[in-house]
Amino acid sequence: MESERYSMSFTTGGLYYQESVKIAELYLELGDWNIVRAEVVSKNLLQSRRQNTLRRVCSEIISRLKQLAISELELLIDSNPQEQNYILWLAVCRRYKFIGDFGREVLRERYLSMKTDIHYEDYEYYFNKKSEFHPELNDLSPATRYKLRQIVFKMLKETEILSAEKVINPVVFSRRFLESIPKEKWEDILFFPAQESDLRHIF
């Protein structure tokens with residue numbers, strides 16, 4: 001039985017692409033997340049109209065970026081948009097085990113099984129299956145459950161891992177992307193729909 005509780009606090013936003021790159025740049029300059037947080041909030045670097053929203057979004061982004069190694073953060077601020085999105089998906093999957101498990105167990109497995117699309121029904125099946133071992137999922141209201149599903153699919157579309165028609169786009173990693181991931185984190189590549197032949201050389 002799975003004992004680790006799922007954190008399900010990803011109820012707003014999406015990948016936060018531009019905001020994440022900006023905050024990552026600031027961290028690599030300042031080297032302290034607390035200072036970064038204070039700088040973002042005091043100068044409203046995310047250009048939010050409301051202070052509460054600014055603080056919430058800043059905290060959410062930092063909680064994700066903290067999952068990344070320095071080499072991954074460096075790639076995030078100095079790469080093409082596609083790889084930047086992949087790094088952000090990697091961060092989200094590490095931050096939220098529920099999403100990471102969805103990437104491994106549903107997204108990637110469907111791709112490897114030659115099922116080229118993924119739909120809400122696949123997500124609901126996954127959610128219901130996980131709720132058998134994670135009672136915290138049963139405590140979510142229908143509205144929150146709906147919102148979480150929307151956010152997961154929104155992020156997948158923002159990464160372009162999933163098309164607007166919910167077709168899975170296979171991921172091909174550059175050498176630079178693979179080299180940015182610490183060896184002890186290599187299995188996190190399984191969050192992505194990629195061919196076994198593309199991964200075999202790194203395990």
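I want the local charge near residue 67. Using Cβ-Cβ distances under 10 Å, sum +1 for each Lys or Arg and -1 for each Asp or Glu among the other residues. Could the numbers behind the result be given before it?
Values: positive: 64, 66, 94, 95, 185; negative: 72, 188.
Summing Lys and Arg as +1 and Asp and Glu as -1 gives +3.
Charges only on Cβ, +1 for Lys and Arg, -1 for Asp and Glu: so what's the dipole of the chain about the Cα centre, in debye to the nearest 20?
Values: 30 positive and 31 negative charges, 126 e Å.
Using Cβ point charges on Lys, Arg, Asp and Glu, the chain gives about 600 debye.
When only Cα pairs under 8 Å and 6 or more residues apart are kept, what is the percent relative contact order across the range 81-203? It would help to have the intermediate numbers written out before the result.
Numbers: 101 pairs, mean separation 44.6, N = 123.
Rounded, it is 36 percent for the range 81-203.
Among 48, 15, 90, which residue has its Cα positioned farthest towards the positive end of the charge dipole of the chain, with +1 placed on the Cβ of Lys and Arg, -1 on the Cβ of Asp and Glu, and the dipole taken about the Cα centre?
It is 48.
Most fluctuating residue of 105, 165, 25 in a GNM of the chain with Cα springs under 10 Å: which is it?
165
With θ set to phi - 60°, apply the Karplus curve 6.51 cos²θ - 1.76 cosθ + 1.60 along the range 55-71 and write out the HN-Hα couplings as whole Hz, x wherever there is a Gly or Pro.
Coupling constants for the range 55-71: 5, 5, 5, 4, 5, 5, 5, 5, 4, 7, 5, 4, 6, 9, 6, 4, 4 Hz.
Treating only the Cβ of Lys, Arg, Asp and Glu as charged (+1, +1, -1, -1), what charge dipole size does the range 14-66 show about its Cα centre? Round to the nearest 20 debye. Could you put the intermediate results ahead of the total?
Working: 9 positive and 6 negative charges, 64 e Å.
Dipole about the Cα centre, nearest 20: 300 debye.
Which residues' amide hydrogens lie under 5 Å from the amide hydrogen of residue 117, considering only partners 5 or more residues apart or on another chain, with H built in the peptide plane?
Correct list: 168.
Taking θ = phi - 60°, what integer Hz values does the Karplus form 6.51 cos²θ - 1.76 cosθ + 1.60 yield along the range 114-128, in sequence order, with x for Gly and Pro?
6, 9, 8, 10, 8, 10, 4, 4, 5, 5, 5, 4, 4, 4, 5
Determine, for 113, 180, 59, the number of other Cβ atoms within 10 Å of each Cβ, and report the residues in order from fewest to most. Can you show the working numbers first?
Values: 113 8, 180 22, 59 14.
The order, fewest Cβ neighbours first, is 113, 59, 180.
Ranking 64, 108 by Cβ neighbours within 10 Å, fewest first, what do you get?
Starting with the residue having the fewest Cβ neighbours, the order is 108, 64.
If you build the convex hull over the alpha carbons only and average its shadow over all orientations, what do you get for the chain? Give it in nm² to one decimal.
Working: hull surface 48.4 nm².
Projected over every direction and averaged, the Cα hull of the chain covers 12.1 nm².
Any idea what the alpha-carbon Rg over 2.2 N^0.38 Å comes to for the range 14-66?
Numbers: Rg = 9.8 Å, N = 53, 2.2 N^0.38 = 9.9 Å.
In units of the globular-protein estimate, the range 14-66 measures up at 0.99.
Amide H of residue 134: which non-local residues (sequence gap of 5 or more, or other chain) have their own amide H closer than 5 Å, using H built in the peptide plane?
none
Distance between Cα centroids, the range 20-48 to the range 59-82: provide it in whole Å.
13 Å
All of the numbers you see were taken from the coordinates with simple rules; none came from a lab. These numbers were taken from a predicted model, which means no experiment stands behind them. Note that we place each Cβ from the backbone using ideal geometry, even for glycine, and neighbour counts take in every protein chain shown.
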